[in-house]
Amino acid sequence: MTTSKSTIRVVSIDDVPANRRRGGDLRTLLSPGTVGSTSGFMGVAILGPGERVVEHYHPYSEEFLYLTTGAVTVDLDGVPHEAHAGQGLLVPVGVRHRVRNTGDEEARIVFHLGPLAPRPELGHVDTEVLS
């Protein structure tokens, strides 16, 4: 398969706005909107000590999490799982999950979801609100 250089886009974390609606600083770098992806999307979650991403689930996608720095607790259907820098975790389709920075330093988590939901508004269901 031949790829044209005009279809390739390198996206920096500073190229995309922070999304803070669900807690932390979520940056979706590679997505249908940024690079025209068709199978999923990838980004970085940055959580300061004590910050969290509220509980939610994905009815169509599984989510891969990989910690590059820090330590977090990922609650999967209410069961806590600790993860540290250099570790990854799979969130299966439909599993309620929240991510909490339980360490004393910033946590950076690379996330990837796939496949895409049929429409963006169907891809993410919040089960709690940020307080």
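Labels on offer are (1) 1.06; (2) 1.18; (3) 1.12, and the one holding Cα Rg over 2.2 N^0.38 Å computed from this structure is (1).
With a cut-off of 11 Å between beta carbons, the residues surrounding residue 108 carry a summed charge of -2, where Lys and Arg count +1 and Asp and Glu -1.
Relative contact order, whole percent, for the chain stands at 29, derived from Cα pairs under 8 Å and 6 or more residues apart.
What separates the Cα centres of the range 92-113 and the range 1-78 is a distance of 10 Å. For the range 55-74, the residues whose backbone nitrogen is under 18 Å from a point 7 Å from the Cα of residue 90, taken along Cα to Cβ, are 58-67, 74.
Note that the range 88-102 has calculated 3J(HN,Hα) couplings of x, 8, 9, 9, x, 3, x, 7, 5, 8, 9, 10, 10, 7, 9 Hz, one per residue in order, obtained from phi through the Karplus relation 6.51 cos²θ - 1.76 cosθ + 1.60 (θ = phi - 60°); glycine and proline are x.
Across the range 10-25, coupling constants 3J(HN,Hα) worked out from phi with the 6.51/-1.76/1.60 Karplus curve, θ = phi - 60°, read 8, 10, 8, 4, 7, 7, 10, x, 6, 10, 10, 4, 10, x, x, 10 Hz, and Gly and Pro carry x.
Carbon and sulfur atoms: what percent of the 1.4 Å accessible area of the chain do they account for? Roughly 55 percent of what the probe reaches on the chain is carbon or sulfur.
The values are calculated or read from the model by the stated rules, or taken from the named source; none is laboratory data. From a predicted model like this one, the values you see are computed outputs, not experimental measurements. Reconstructed Cβ throughout: ideal geometry from the backbone, glycine too, with neighbour counts over all protein chains shown. What goes into the accessible areas is simple: the full protein's heavy atoms, side chains included, and nothing from ligands, DNA or RNA. Shrake-Rupley method; radii C 1.70, N 1.55, O 1.52, S 1.80 Å.
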